[in-house]
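K.L.:
Here's a structure for you.
The values are calculated or read from the model by the stated rules, or taken from the named source; none is laboratory data. Source: prediction; values computed, not measured. Every residue, glycine among them, receives a Cβ derived from its backbone with ideal geometry; neighbour counts consider all protein chains shown.
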Amino acid sequence: MTVWGMFSLVALCLGGAAWLLLKSASALTERAAGGTRTARRRLMSQDSLMEWLVERLTAAGLPASPAVVALSGGCLLVLAMLLLSRLGAVWGPAMVLVMVLAANALIRFRAARLRRRARRQLGPFLGHITRGLSAGQGLETAFEQAIKRSRPPLSDALSRVKLRRQLGQELDEGLAREGQILRLDELRLLATAIRINQRHGGSLSEMLDAFASALHQREQSGRELAAMTGETRVSAWVLGLSPLALTLFIHFTQPEFLAPMLESAGGRQALMLAVALQLGGGWLLWRMLKSV
């Protein structure tokens, strides 16, 4: 790829990012200024790639706005083009792939950590709502008072729900939407409980008490299970990192031992196969860890 071709591709990508930014900003302005039920329903869906990226960053607790996404995407594209031009046709794409995978892993890790913290804070939040309802407050008043007593990251998510409510969206719809963004099933269940209470009646405080008790029991069971499967998790990490550690040890202590494999075509193919098998095995071990 020539220098002019590289800069043309970068300019094209930046132009596409700017177009997505303008389109997303226009759509968000129409929704805020609108007020129709159709506009409120559209808050529940993903209308563009820009919104999907913003939601991913929001779920990870990172600064999320169309401008931030467009600027970050442009910087990453420039960095990717520099890597492709400097490292050649083999290592360049490999480094770009590693960079993309590392960024995705970081976002997933932050999102999972934020989700665990929000899940632990949900029980006390439900307790605040229940006490407010028992004191004679309405649901929305008790909800707002409970938000003030909550701490991040749950308070940030609930503040977005409150903002959606001010824009005209129903409370249960806002909770369901936030649960979808954060992948927090407990918020979806809370939205379902509120929806059932609003449509069919019943004691919401008793329902929330039972919900909070179930969350507490689930958290306690999860801790017990993590303690029981600690040996399995350590074994999975050892099995996953042993081939890489052994290869690095041989490379730094006896580099001539690996030289024939790196210099021959068959050796490089075998190395690529080994890397593919290692990645596949690591993915399987990761799925096993997630299952317990």
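K.L.:
State which residue is surrounded by the most Cβ atoms within 10 Å (Cβ to Cβ) when the search covers only segment 232-248 and only residues that are under 18 Å from Leu273 (Cα atoms) and not hydrophobic (A, V, I, L, M, F, W, C).
P.N.:
Residue satisfying both the conditions and the ranking: Gly240.
K.L.:
Residue check: is His251 surrounded by fewer than 14 Cβ atoms within 10 Å (Cβ to Cβ), outside the structural domain of Leu273 (by TED's automatic domain parsing) and of a type outside the set (Gly, Ala, Ser)?
P.N.:
Working: surrounded by fewer than 14 Cβ atoms within 10 Å (Cβ to Cβ): yes; outside the structural domain of Leu273 (by TED's automatic domain parsing): no; of a type outside the set (Gly, Ala, Ser): yes.
In short, no.
K.L.:
Here are some residues: Arg223, Arg188, Arg183. Which one is of a type outside the set (Asp, Glu), in contact (Cβ under 8 Å) with a residue 60 or more places away in the chain and closer than 24 Å to Gly127 by Cβ?
P.N.:
Arg183
K.L.:
Looking only at segment 190-204, filter to residues that are surrounded by fewer than 17 Cβ atoms within 10 Å (Cβ to Cβ) and in a helix (DSSP H, G or I); which one of those is nearest to the chain's Cα centre (by Cα)?
P.N.:
Restricting to residues being surrounded by fewer than 17 Cβ atoms within 10 Å (Cβ to Cβ) and in a helix (DSSP H, G or I), the top hit is Thr192.
K.L.:
Has segment 81-101 got any residue that is buried (at least 18 other Cβ atoms within 10 Å of the Cβ), small (Gly, Ala, Ser), within 25 Å of the chain's Cα centre (by Cα) and part of a helix (DSSP H, G or I)?
P.N.:
Among the residues of segment 81-101, not one is buried (at least 18 other Cβ atoms within 10 Å of the Cβ), small (Gly, Ala, Ser), within 25 Å of the chain's Cα centre (by Cα) and part of a helix (DSSP H, G or I), which makes the answer no.
K.L.:
Among the candidates Arg165, Arg149, Arg160, which residue alone is buried (at least 17 other Cβ atoms within 10 Å of the Cβ), among the basic types (Lys, Arg) and modelled with pLDDT of 90 or more?
P.N.:
Just one listed residue meets the conditions, Arg165.
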